[in-house]
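The values are calculated or read from the model by the stated rules, or taken from the named source; none is laboratory data. These numbers come from a predicted model, not from an experiment. Quick reminder, even Gly has a Cβ in these numbers, built from the backbone with ideal geometry, and neighbours come from all protein chains shown. Just the protein is used for accessible areas: all its heavy atoms, side chains included, with ligands, DNA and RNA removed. Shrake-Rupley method; radii C 1.70, N 1.55, O 1.52, S 1.80 Å.
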Amino acid sequence: METKTMNIKIEKAKTSKIDKVDFDNLAFGNVFTDHMLVCDYKNGSWNIPEIIPYQPISLDPSAKIFHYGQSIFEGMKAYKDENNDIWLFRPLDNCKRLNISAKRMAIPEIPEDYFMEGLTALLKLEKDWIPQTPGSSLYIRPFIFASGTGFHASPADEYKFIIAFAPSGAYFSGKVKVLIEEKYSRSANGGVGYAKAGGNYAGQFYPTQLALEKGYNQVIWTDDNTHEFIEEAGAMNIFVRINDTLVTAPTSDRILDGITRKSILKIAKDEGIAVEERKITVSEIVEAAKNGSLKEMFGAGTAAVISPISAFGFRDVDYDLPEIGDNYASLLKKRITDIQYNRAEDKFGWRVKV
Ligand SMILES: *Cc1c(COP(=O)(O)O)cnc(C)c1O
(Lines give C-alpha, C1' and ligand atoms only; values in the text may rest on other atoms or scores of the structure.)
Protein backbone atom coordinates (compact mmCIF):
# COMPACT_ATOMS: atom_id res chain seq x y z
CA MET A 1 0.00 0.00 0.00
CA GLU A 2 1.34 3.45 -0.89
CA THR A 3 1.67 5.46 2.28
CA LYS A 4 3.11 8.87 2.71
CA THR A 5 4.31 8.97 6.28
CA MET A 6 2.19 11.06 8.56
CA ASN A 7 4.55 10.98 11.52
CA ILE A 8 2.55 8.70 13.70
CA LYS A 9 4.28 8.65 17.08
CA ILE A 10 4.93 5.15 18.38
CA GLU A 11 5.37 4.39 22.06
CA LYS A 12 6.47 0.80 22.25
CA ALA A 13 5.33 -1.66 24.89
CA LYS A 14 8.14 -2.57 27.34
CA THR A 15 7.41 -6.26 27.03
CA SER A 16 5.45 -8.34 24.54
CA LYS A 17 2.63 -10.74 25.45
CA ILE A 18 3.07 -12.70 22.23
CA ASP A 19 4.94 -15.66 23.78
CA LYS A 20 1.98 -16.32 26.10
CA VAL A 21 -0.44 -16.79 23.21
CA ASP A 22 -1.34 -20.24 21.89
CA PHE A 23 -1.73 -19.43 18.20
CA ASP A 24 -3.01 -22.93 17.40
CA ASN A 25 -5.99 -22.59 19.73
CA LEU A 26 -7.25 -19.08 19.17
CA ALA A 27 -10.90 -18.34 19.81
CA PHE A 28 -12.52 -15.25 18.34
CA GLY A 29 -11.70 -11.77 19.61
CA ASN A 30 -10.50 -12.33 23.16
CA VAL A 31 -6.72 -12.01 22.87
CA PHE A 32 -5.32 -8.57 22.04
CA THR A 33 -2.00 -7.47 20.61
CA ASP A 34 0.65 -5.34 22.32
CA HIS A 35 -0.33 -1.97 20.86
CA MET A 36 -3.30 0.11 19.80
CA LEU A 37 -3.86 3.21 17.71
CA VAL A 38 -5.48 6.16 19.47
CA CYS A 39 -6.66 9.38 17.91
CA ASP A 40 -8.42 12.16 19.84
CA TYR A 41 -10.96 14.64 18.56
CA LYS A 42 -10.65 17.89 20.48
CA ASN A 43 -11.35 21.57 19.77
CA GLY A 44 -13.09 20.76 16.51
CA SER A 45 -10.51 18.52 14.86
CA TRP A 46 -8.83 15.12 14.94
CA ASN A 47 -5.28 15.05 16.35
CA ILE A 48 -2.61 13.04 14.54
CA PRO A 49 -3.07 9.38 15.60
CA GLU A 50 -0.57 7.79 17.98
CA ILE A 51 0.35 4.19 18.69
CA ILE A 52 0.65 3.28 22.36
CA PRO A 53 0.81 0.07 24.40
CA TYR A 54 -2.58 -1.72 24.59
CA GLN A 55 -4.12 -0.52 27.84
CA PRO A 56 -7.37 0.47 29.60
CA ILE A 57 -8.86 3.90 28.93
CA SER A 58 -9.78 6.32 31.68
CA LEU A 59 -13.05 8.24 31.16
CA ASP A 60 -15.08 10.76 33.13
CA PRO A 61 -18.34 9.24 34.50
CA SER A 62 -20.25 11.86 32.52
CA ALA A 63 -18.62 10.86 29.21
CA LYS A 64 -21.50 10.84 26.74
CA ILE A 65 -20.78 7.35 25.47
CA PHE A 66 -22.16 6.03 28.80
CA HIS A 67 -25.38 8.03 28.67
CA TYR A 68 -26.29 8.70 25.07
CA GLY A 69 -24.57 5.87 23.27
CA GLN A 70 -22.60 7.71 20.61
CA SER A 71 -20.53 4.72 19.60
CA ILE A 72 -19.74 3.16 16.23
CA PHE A 73 -17.34 0.49 15.01
CA GLU A 74 -16.03 -1.53 12.10
CA GLY A 75 -14.96 -5.14 11.73
CA MET A 76 -12.27 -6.18 9.27
CA LYS A 77 -9.39 -8.64 8.97
CA ALA A 78 -5.72 -8.81 7.96
CA TYR A 79 -4.49 -12.00 6.30
CA LYS A 80 -0.98 -13.43 6.01
CA ASP A 81 -0.11 -15.49 2.95
CA GLU A 82 2.52 -18.23 2.51
CA ASN A 83 5.23 -15.66 1.76
CA ASN A 84 4.44 -13.72 4.95
CA ASP A 85 2.90 -10.91 2.92
CA ILE A 86 0.03 -9.12 4.64
CA TRP A 87 -3.27 -8.31 2.96
CA LEU A 88 -6.40 -6.34 3.67
CA PHE A 89 -9.74 -6.86 1.92
CA ARG A 90 -11.52 -3.73 0.61
CA PRO A 91 -10.28 -1.64 3.59
CA LEU A 92 -11.37 1.70 2.18
CA ASP A 93 -14.95 0.40 2.18
CA ASN A 94 -14.71 -0.08 5.94
CA CYS A 95 -13.38 3.45 6.34
CA LYS A 96 -16.16 4.90 4.22
CA ARG A 97 -18.78 2.93 6.12
CA LEU A 98 -17.37 4.07 9.47
CA ASN A 99 -17.94 7.62 8.26
CA ILE A 100 -21.49 6.81 7.11
CA SER A 101 -22.12 5.51 10.64
CA ALA A 102 -20.39 8.59 12.10
CA LYS A 103 -22.62 10.98 10.21
CA ARG A 104 -25.81 9.22 11.38
CA MET A 105 -24.71 9.26 15.02
CA ALA A 106 -23.55 12.93 14.92
CA ILE A 107 -19.94 11.84 15.39
CA PRO A 108 -17.23 13.76 13.48
CA GLU A 109 -15.94 11.85 10.46
CA ILE A 110 -12.40 10.45 10.57
CA PRO A 111 -10.15 11.52 7.67
CA GLU A 112 -9.47 8.58 5.34
CA ASP A 113 -5.69 9.01 5.53
CA TYR A 114 -5.78 8.91 9.36
CA PHE A 115 -7.69 5.65 9.17
CA MET A 116 -5.61 4.03 6.43
CA GLU A 117 -2.17 5.23 7.52
CA GLY A 118 -2.92 4.59 11.18
CA LEU A 119 -4.09 1.07 10.39
CA THR A 120 -1.09 0.37 8.16
CA ALA A 121 1.40 1.63 10.76
CA LEU A 122 -0.20 -0.50 13.48
CA LEU A 123 -0.26 -3.58 11.22
CA LYS A 124 3.42 -3.19 10.38
CA LEU A 125 4.25 -2.95 14.08
CA GLU A 126 2.10 -5.98 14.99
CA LYS A 127 2.82 -8.16 11.94
CA ASP A 128 4.09 -11.10 14.04
CA TRP A 129 0.63 -11.28 15.62
CA ILE A 130 -1.09 -12.18 12.35
CA PRO A 131 -1.72 -15.91 12.60
CA GLN A 132 -0.94 -18.17 9.67
CA THR A 133 -2.80 -21.34 10.62
CA PRO A 134 -5.48 -22.08 8.00
CA GLY A 135 -8.62 -20.00 8.42
CA SER A 136 -7.14 -17.76 11.09
CA SER A 137 -6.54 -14.05 10.70
CA LEU A 138 -6.01 -10.85 12.61
CA TYR A 139 -9.40 -9.38 13.46
CA ILE A 140 -9.31 -5.58 13.30
CA ARG A 141 -11.66 -3.45 15.36
CA PRO A 142 -11.68 0.28 14.56
CA PHE A 143 -14.16 2.24 16.71
CA ILE A 144 -15.15 5.78 17.69
CA PHE A 145 -16.98 6.86 20.82
CA ALA A 146 -17.95 10.05 22.65
CA SER A 147 -15.39 10.79 25.38
CA GLY A 148 -16.62 14.37 25.88
CA THR A 149 -18.42 15.05 29.14
CA GLY A 150 -21.73 16.40 30.44
CA PHE A 151 -25.23 15.14 31.21
CA HIS A 152 -26.76 17.45 28.65
CA ALA A 153 -28.38 15.33 25.93
CA SER A 154 -26.44 16.62 22.95
CA PRO A 155 -23.51 15.39 20.87
CA ALA A 156 -20.19 15.33 22.73
CA ASP A 157 -17.41 17.79 21.90
CA GLU A 158 -14.66 15.18 22.26
CA TYR A 159 -14.26 11.69 20.75
CA LYS A 160 -11.74 8.89 20.60
CA PHE A 161 -10.95 6.82 17.53
CA ILE A 162 -9.16 3.59 18.44
CA ILE A 163 -7.97 0.59 16.45
CA ALA A 164 -7.33 -2.64 18.36
CA PHE A 165 -6.35 -6.06 17.01
CA ALA A 166 -7.34 -9.56 18.07
CA PRO A 167 -5.62 -12.56 16.46
CA SER A 168 -8.46 -14.97 15.83
CA GLY A 169 -8.92 -18.57 14.80
CA ALA A 170 -11.17 -19.90 12.07
CA TYR A 171 -14.73 -19.07 12.94
CA PHE A 172 -16.50 -22.44 12.90
CA SER A 173 -19.96 -21.62 14.15
CA GLY A 174 -21.26 -24.95 12.92
CA LYS A 175 -24.63 -25.03 11.20
CA VAL A 176 -27.04 -22.67 12.88
CA LYS A 177 -30.73 -23.01 13.60
CA VAL A 178 -32.50 -19.69 13.34
CA LEU A 179 -35.81 -18.25 14.51
CA ILE A 180 -37.83 -15.89 12.33
CA GLU A 181 -38.64 -13.01 14.67
CA GLU A 182 -42.07 -11.40 14.46
CA LYS A 183 -42.26 -9.32 17.63
CA TYR A 184 -38.96 -7.51 18.12
CA SER A 185 -37.19 -5.44 15.46
CA ARG A 186 -33.51 -4.74 14.92
CA SER A 187 -34.13 -1.55 12.99
CA ALA A 188 -36.82 0.66 11.53
CA ASN A 189 -37.39 3.02 8.62
CA GLY A 190 -35.61 6.28 9.35
CA GLY A 191 -33.63 4.59 12.12
CA VAL A 192 -29.98 3.60 12.48
CA GLY A 193 -30.03 0.02 11.18
CA TYR A 194 -27.67 0.83 8.33
CA ALA A 195 -25.07 2.23 10.76
CA LYS A 196 -22.62 0.00 12.63
CA ALA A 197 -23.70 1.55 15.92
CA GLY A 198 -23.05 -0.19 19.24
CA GLY A 199 -26.67 0.31 20.31
CA ASN A 200 -27.94 -1.78 17.42
CA TYR A 201 -26.18 -4.73 19.00
CA ALA A 202 -27.42 -3.99 22.53
CA GLY A 203 -30.96 -4.00 21.17
CA GLN A 204 -30.46 -7.42 19.60
CA PHE A 205 -29.20 -9.18 22.70
CA TYR A 206 -32.50 -9.64 24.55
CA PRO A 207 -34.55 -11.05 21.64
CA THR A 208 -31.57 -13.28 20.80
CA GLN A 209 -31.48 -14.56 24.39
CA LEU A 210 -35.16 -15.46 24.09
CA ALA A 211 -34.43 -17.37 20.87
CA LEU A 212 -31.53 -19.20 22.58
CA GLU A 213 -33.86 -20.25 25.40
CA LYS A 214 -36.14 -21.80 22.78
CA GLY A 215 -33.23 -23.80 21.35
CA TYR A 216 -32.28 -21.59 18.41
CA ASN A 217 -28.81 -20.11 17.78
CA GLN A 218 -29.80 -16.90 16.10
CA VAL A 219 -32.65 -14.61 15.10
CA ILE A 220 -33.75 -13.77 11.56
CA TRP A 221 -34.88 -10.16 11.63
CA THR A 222 -37.94 -9.17 9.66
CA ASP A 223 -39.07 -5.67 8.68
CA ASP A 224 -40.41 -3.64 11.61
CA ASN A 225 -43.58 -2.58 9.83
CA THR A 226 -45.21 -5.82 8.67
CA HIS A 227 -42.75 -8.58 9.77
CA GLU A 228 -43.46 -10.13 6.38
CA PHE A 229 -39.98 -9.71 4.90
CA ILE A 230 -36.75 -11.32 6.10
CA GLU A 231 -33.91 -8.80 6.34
CA GLU A 232 -30.82 -9.97 8.26
CA ALA A 233 -29.53 -13.06 10.06
CA GLY A 234 -28.42 -11.78 13.47
CA ALA A 235 -25.63 -9.34 12.68
CA MET A 236 -25.06 -10.80 9.24
CA ASN A 237 -26.68 -10.21 5.86
CA ILE A 238 -28.91 -13.02 4.68
CA PHE A 239 -28.88 -15.10 1.50
CA VAL A 240 -31.47 -17.62 0.39
CA ARG A 241 -31.15 -20.11 -2.45
CA ILE A 242 -34.44 -20.99 -4.11
CA ASN A 243 -33.91 -23.66 -6.75
CA ASP A 244 -30.69 -22.34 -8.31
CA THR A 245 -31.27 -18.64 -7.76
CA LEU A 246 -29.44 -16.82 -4.99
CA VAL A 247 -31.55 -14.09 -3.39
CA THR A 248 -30.64 -11.42 -0.85
CA ALA A 249 -32.63 -8.54 0.60
CA PRO A 250 -31.87 -5.10 -0.86
CA THR A 251 -29.99 -2.71 1.43
CA SER A 252 -32.05 0.08 2.96
CA ASP A 253 -32.30 2.26 6.07
CA ARG A 254 -32.85 -0.96 7.96
CA ILE A 255 -30.21 -3.25 6.47
CA LEU A 256 -26.46 -2.91 6.83
CA ASP A 257 -24.55 -2.65 3.56
CA GLY A 258 -22.18 -5.56 4.20
CA ILE A 259 -18.87 -5.82 2.37
CA THR A 260 -19.12 -9.62 2.42
CA ARG A 261 -22.65 -9.36 0.99
CA LYS A 262 -21.69 -7.19 -1.94
CA SER A 263 -18.56 -9.27 -2.62
CA ILE A 264 -20.63 -12.47 -2.66
CA LEU A 265 -23.07 -10.90 -5.13
CA LYS A 266 -20.17 -10.12 -7.50
CA ILE A 267 -18.55 -13.53 -7.16
CA ALA A 268 -21.87 -15.36 -7.62
CA LYS A 269 -22.58 -13.43 -10.84
CA ASP A 270 -19.04 -14.22 -11.98
CA GLU A 271 -19.75 -17.92 -11.32
CA GLY A 272 -22.81 -17.68 -13.56
CA ILE A 273 -25.20 -18.07 -10.62
CA ALA A 274 -28.54 -16.29 -11.06
CA VAL A 275 -28.66 -13.56 -8.42
CA GLU A 276 -31.57 -11.41 -7.27
CA GLU A 277 -31.55 -8.46 -4.89
CA ARG A 278 -35.17 -8.17 -3.85
CA LYS A 279 -37.50 -8.36 -0.91
CA ILE A 280 -37.94 -11.91 0.40
CA THR A 281 -41.19 -12.76 2.15
CA VAL A 282 -41.46 -15.14 5.07
CA SER A 283 -44.35 -16.90 3.34
CA GLU A 284 -42.20 -17.45 0.26
CA ILE A 285 -39.51 -19.13 2.38
CA VAL A 286 -42.05 -21.30 4.21
CA GLU A 287 -43.66 -22.30 0.90
CA ALA A 288 -40.25 -23.04 -0.66
CA ALA A 289 -39.27 -25.16 2.36
CA LYS A 290 -42.51 -27.13 2.03
CA ASN A 291 -42.22 -27.76 -1.72
CA GLY A 292 -38.50 -28.51 -1.65
CA SER A 293 -37.31 -25.51 -3.69
CA LEU A 294 -35.55 -23.96 -0.67
CA LYS A 295 -32.01 -25.33 -1.07
CA GLU A 296 -29.85 -23.13 1.18
CA MET A 297 -29.88 -20.23 3.59
CA PHE A 298 -26.78 -18.56 4.98
CA GLY A 299 -25.59 -15.45 6.75
CA ALA A 300 -22.69 -13.38 5.40
CA GLY A 301 -20.29 -11.15 7.31
CA THR A 302 -16.59 -10.54 7.94
CA ALA A 303 -16.21 -12.66 11.09
CA ALA A 304 -17.60 -16.00 9.85
CA VAL A 305 -17.56 -15.08 6.12
CA ILE A 306 -20.48 -17.45 5.43
CA SER A 307 -22.53 -19.11 8.13
CA PRO A 308 -24.81 -21.88 6.78
CA ILE A 309 -28.27 -22.26 8.30
CA SER A 310 -29.53 -25.80 8.94
CA ALA A 311 -33.13 -25.02 9.91
CA PHE A 312 -35.46 -22.14 10.63
CA GLY A 313 -38.34 -21.85 13.04
CA PHE A 314 -41.51 -19.91 12.28
CA ARG A 315 -44.66 -19.82 14.45
CA ASP A 316 -43.68 -22.94 16.42
CA VAL A 317 -42.87 -25.03 13.35
CA ASP A 318 -39.29 -25.95 12.42
CA TYR A 319 -38.34 -26.31 8.77
CA ASP A 320 -35.13 -28.24 8.00
CA LEU A 321 -32.93 -27.35 5.09
CA PRO A 322 -31.52 -30.15 2.94
CA GLU A 323 -27.84 -31.14 2.99
CA ILE A 324 -26.60 -30.52 -0.53
CA GLY A 325 -23.19 -31.57 -1.75
CA ASP A 326 -22.30 -28.85 -4.23
CA ASN A 327 -23.76 -25.99 -2.24
CA TYR A 328 -23.30 -22.31 -3.00
CA ALA A 329 -22.18 -21.54 0.57
CA SER A 330 -18.98 -23.63 0.29
CA LEU A 331 -18.23 -22.50 -3.26
CA LEU A 332 -18.64 -18.81 -2.45
CA LYS A 333 -16.74 -19.07 0.83
CA LYS A 334 -13.82 -20.72 -0.94
CA ARG A 335 -13.74 -18.11 -3.69
CA ILE A 336 -13.85 -15.12 -1.33
CA THR A 337 -11.30 -16.53 1.13
CA ASP A 338 -8.95 -17.51 -1.72
CA ILE A 339 -8.92 -13.85 -2.74
CA GLN A 340 -8.50 -12.66 0.86
CA TYR A 341 -5.53 -14.97 1.57
CA ASN A 342 -3.86 -14.28 -1.80
CA ARG A 343 -4.42 -17.82 -3.05
CA ALA A 344 -6.30 -16.77 -6.20
CA GLU A 345 -6.36 -14.05 -8.81
CA ASP A 346 -8.01 -10.87 -7.56
CA LYS A 347 -9.97 -9.94 -10.65
CA PHE A 348 -12.11 -7.35 -8.88
CA GLY A 349 -9.16 -5.46 -7.35
CA TRP A 350 -10.25 -5.98 -3.74
CA ARG A 351 -6.99 -7.04 -2.12
CA VAL A 352 -4.67 -4.38 -0.67
CA LYS A 353 -1.09 -5.22 0.26
CA VAL A 354 0.14 -3.75 3.54
C1 LIG B 1 -21.21 -5.81 10.24
C2 LIG B 1 -22.58 -6.25 9.88
C3 LIG B 1 -22.83 -7.03 8.73
C4 LIG B 1 -21.74 -7.60 7.86
O5 LIG B 1 -20.95 -6.63 7.23
P6 LIG B 1 -19.54 -7.04 6.62
O7 LIG B 1 -19.03 -5.77 6.03
O8 LIG B 1 -19.79 -8.07 5.60
O9 LIG B 1 -18.72 -7.55 7.75
C10 LIG B 1 -24.15 -7.34 8.43
N11 LIG B 1 -25.16 -6.92 9.21
C12 LIG B 1 -24.96 -6.17 10.32
C13 LIG B 1 -26.12 -5.73 11.12
C14 LIG B 1 -23.66 -5.82 10.70
O15 LIG B 1 -23.47 -5.09 11.80
Peptides ranked, highest mean first, by Cβ atoms within 10 Å: ranges 99-105, 323-329: 99-105, 323-329
Burial ranking of peptide ranges 304-314, 147-157, 330-340 (average Cβ count within 10 Å, highest at the top): 304-314, 330-340, 147-157
For region 1-100, Kirkwood radius (reciprocal of mean inverse C-alpha pair distance, Å): 17.0 Å
Overall Cα dimensions of the chain - principal axes, largest extent first, Å: 62, 53, 35
Subset of Lys20/Lys262; Lys20/Lys214; Lys80/Lys266; Lys12/Lys353; Lys160/Lys214; Lys175/Lys279 violating a 29 Å alpha-carbon distance limit: Lys20/Lys262; Lys20/Lys214; Lys160/Lys214
Whole-Å semi-axes of region 2-168's equivalent ellipsoid (Cα gyration tensor): 28, 17, 15
Rounded percent of accessible protein surface that carbon and sulfur make up, the chain, 1.4 Å probe: 49 percent
Separation between Cα centres of region 304-350 and region 15-37, rounded to whole Å: 28 Å
For the chain, built as a Gaussian network whose Cα springs stay under 10 Å, the top-fluctuating residue of Leu210, Leu246, Leu265: Leu210
Estimated 222 nm signal from helices in the chain, with DSSP H stretches of n ≥ 4 weighted -39500 (n - 2.57), rounded to 500: -7500 deg cm²/dmol
For region 173-227, the spread of Cα positions along each principal axis, largest first, Å: 32, 25, 18
Ordering of 192-198, 203-209 by burial proxy (mean other Cβ atoms within 10 Å per residue, highest first): 192-198, 203-209
